[in-house]
Structure formats: structure tokens, C-alpha cells
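Some notes on the structure that comes next.
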């Protein structure tokens, strides 16, 4: 124990006998501590829900396939609804799927969560666009891009379209240019070509 | 005995004025002959030792007085507080006397590992910059000392967490930091999502306002056109060019208000 203090600050914590929730009622004013305890209790509940032997936290991979399967199923239903023109229904389904993907146990591989969320946000953006809700579409497309910047030509395109529809042509131009910077070396040549033509159209 | 004589010989050869002294020494015993050199050595070594130990102590206390790099490790404190919780607090029931359940401790340990990951990342990113600054002499040694102390503490902290994790389940220590890293990524993702989500309402509101203004502008435009047509008809002139120029209005208005909205 080189240089590490062997002392620690003892918090007056209380453990609820039935729920096992940790609290510190006497330190209610310490916001950071209260937040930390909230996080701790959430994590604890997630550990209790584990089905692994001895309820040990598993390594990030492999991921329990149950949740992924459910999300994929919901995505398919939503896509079917969208095809039929039930955009509102599809958006509701995507909302639900996004929530599920967000509530993944945090120790699972984050790359997977990013991938899933990017697809879901992108699809929801498309549905918002079909309903001409450009503001929602733009935000969703941005979220899709935040999750996955490379290999996401559709999301770049959607964001640019939404911005243009709202009359923010300069931002749309910027968006397409950024997108091209990210996507040009990628394999999605058709998507890049689409972006290029859109860029020319905007530059007119 | 030889040593003693050598010593005196040496004395003799270097300095002739000690003749009288030499003549007195043979009368002294063996032990008293050694007394002087031993005394000399003891004083020398002793003073050196006290100086070095004092110096080191002072250095150490100076280093300890330096402000730590990180604030107190809250999750570590929580974990240890849970570990040392008074078992009688749970109630008088015998079953409830049992200590904190393992799952709570596991969660607390995982939170502690997440905090460690954040600190490691912070140390790693600031190290090259700090070294660069120190080479140029832009920052003092104090800062570097603080940094090195933080690094040392971090190493020990990680070892400690790994040991604790292995106590819960064999080999958990090898993966706990992987899990913690994913949790950290998850937290970052959540923060970014929340940031972008926060824009949604303002964006929507902005767009609704904009849509309303565009619509009212458009309606006004139509009305004006009608009025103009009527007046033009009254005046008997048919000037299509004027109407065309006016029709360019809404697009210009759109372009102008774009910057206002952002």
C-alpha cells in the first residue's frame, strides 16, 4: 500500500431491511452522494436480475441474446407498420424498442448498444420525416449519428433533408459535407453518390 | 593495535608538531587509543544519518501536504462504509443481523471500479501534456509530484479492487475492469443522448413558430397580391413583373430568419 491512505471517510449509510436499498438520510443535502447512491441501487437491482451462477456480473461479451432478439422483433413489426403507412404506430413501436435498448445492463458491450440505437433512431427519423415532423426527424437523425458516425450515410442524408425542409440550408450543407468526410473512404458507394448529388443540389 | 599505531604514524608523518602527543599515547591503553577515531566516526555517521532522515521526512511531509490530484474517492468510501457497517443497525431480528448482502457489495465494488476507470483515463490523457509542460518549464515540480503520487495511488487502488473482486468470485478480478469500462461507456452514451434530447423541445418550438410565421407571411403575400391585382386592374395597368418580384419575398424572408432562430 504505497502512498495510499489506509483511511476512508465513513458515510452514515442505512440499508433497508427488505429492499436492501442503501440510503443516507442524514446527508440529504449532499446531492452528489445521493446521486451516487441512486446509481448504486440501480446497479444492485440489475445484478439481482442476473441469471448467471452466483449472480456474478458477466464479462462484456458474449451478451445475453434475449434482449437483442426482442428488440429485433419489435423493429420488424415497426418496419412493417411503416410500410403500410402507419407512421404513428411505427414511431410508438420504435419508442419502445429504443427504451429497451437503452435499458440494457450497462456492463454489456456498449458497441452493440450503439449499433442498435443508431438503427432505431435512424428508422424513427424516417417515420418523422414521412409525417413532415422535421424538427423531430432532425434530432433523431443527429442521435443516430451520435451513436454511429461512420457507415451511416442514410442518417447524414436524413438530417440534411430535415434541416433543408426547415429552411436551414447552410446547416444542411454543413451536414452533408461532414457526412461526406466521414463516408467517402467507406464501402457504401451508393450512399456516398447520393450525398454527392444532394450536395450539388444544395449548392445551386 | 596495528590500526592504532598506523593511525598515529600517519599523524606523525603528516605533521611533525605532534611529537609531544605521540610520546603520550603509548601510555594509554588499547581501548582509549581507539576512542578518538570511533568518536570521530560516530559523530560523522550520526550527523549524516540524522541529516538524511530529517531531510527525507521533511520531503515526505512536504509531498503529503501537496493537494491530492483527485478529490476523495467517494465510491471507495461508500464501498468501505458498507463493508464496515454496523450489523446491529439492521434491527433486532436475528436474521436481519446478517451483514450487508453480497449483491449490494458487488454493486458498490463495480461502482468503485467505474470511478477508477474514469480516473485512469484522466491520468492517461493528462500525462503527455504535463510532461511536455514540465520539459518546457511551464509547470513546477510540485505539480509533477502530485501527479506521480496520484499514479502510485491509482496502482495500489487497482490492485486493491482486483483483490476484493477475487474475494467475491474467483477470476472476477480479471474482468471487473472490462465491465467497469463498458459501464463508463454506457454513462457517456447516456449523457450525450440526454444532451441531444434536450434540444428536441426547443427545436420543435422553433420550427412551430417558424412554420406559423411562414404561413402568415405567405397568407399576407397572397392578400397583398390580390389587393395589388385589384388596384392594378383599377389603374388599368397589367404589370406582371411587379408580381414576380413580390413572389420572391417568402423565400428571402425564410433565408433571413434562419439565423435568428438558431
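What follows is calculated from the coordinates using simple rules that are stated; it is not laboratory data. For clarity, every value in this text was computed on a predicted model and none was experimentally measured. FYI the Cβ positions are ideal-geometry reconstructions off the backbone, even for glycines, and counts take in every protein chain you see.
Per-residue ellipticity at 222 nm, computed for chain A from helices alone with -39500 (n - 2.57) per DSSP H run of at least four residues, works out to -21500 deg cm²/dmol.
Listed by Cβ neighbour count within 10 Å, with the fewest neighbours leading, B:214, B:183 appear as B:214, B:183. Between the Cα long axis of helix A:31-48 and the first principal axis of chain A there is an angle of about 90°, rounded to the nearest 10.
Projected onto planes of every orientation and averaged, the convex hull of the alpha-carbon atoms in chain A covers 18.2 nm². Take B:218-225, A:113-120, A:8-15 and order them by the average number of nearby Cβ atoms within 10 Å per residue, most first; the result is A:113-120, A:8-15, B:218-225. Peptide A:14-26 has a mean of 3 when you count, residue by residue, the C-beta atoms of other protein chains within 10 Å of its C-beta. Using a Gaussian network for chain A with springs between C-alpha atoms less than 10 Å apart, which of these wobbles most: A:122, A:179, A:111? Ranking A:122, A:179, A:111 by mean-square fluctuation puts A:111 first.
With a 10 Å cut-off around each Cβ of A:167-180, the average count of Cβ atoms from other chains is 2. The peptide list A:167-176, B:197-206, B:43-52, A:135-144, put in order of mean Cβ contacts within 10 Å with the highest first, becomes A:135-144, A:167-176, B:197-206, B:43-52. Binning all Cα-Cα separations of segment A:14-53 at 5 Å, short to long from zero, yields these whole-percent fractions: 6, 23, 25, 22, 14, 6, 3, 2. Inter-chain neighbour count for B:183-189: the average number of beta-carbon atoms from partner chains within 10 Å of each residue's beta-carbon is 6.
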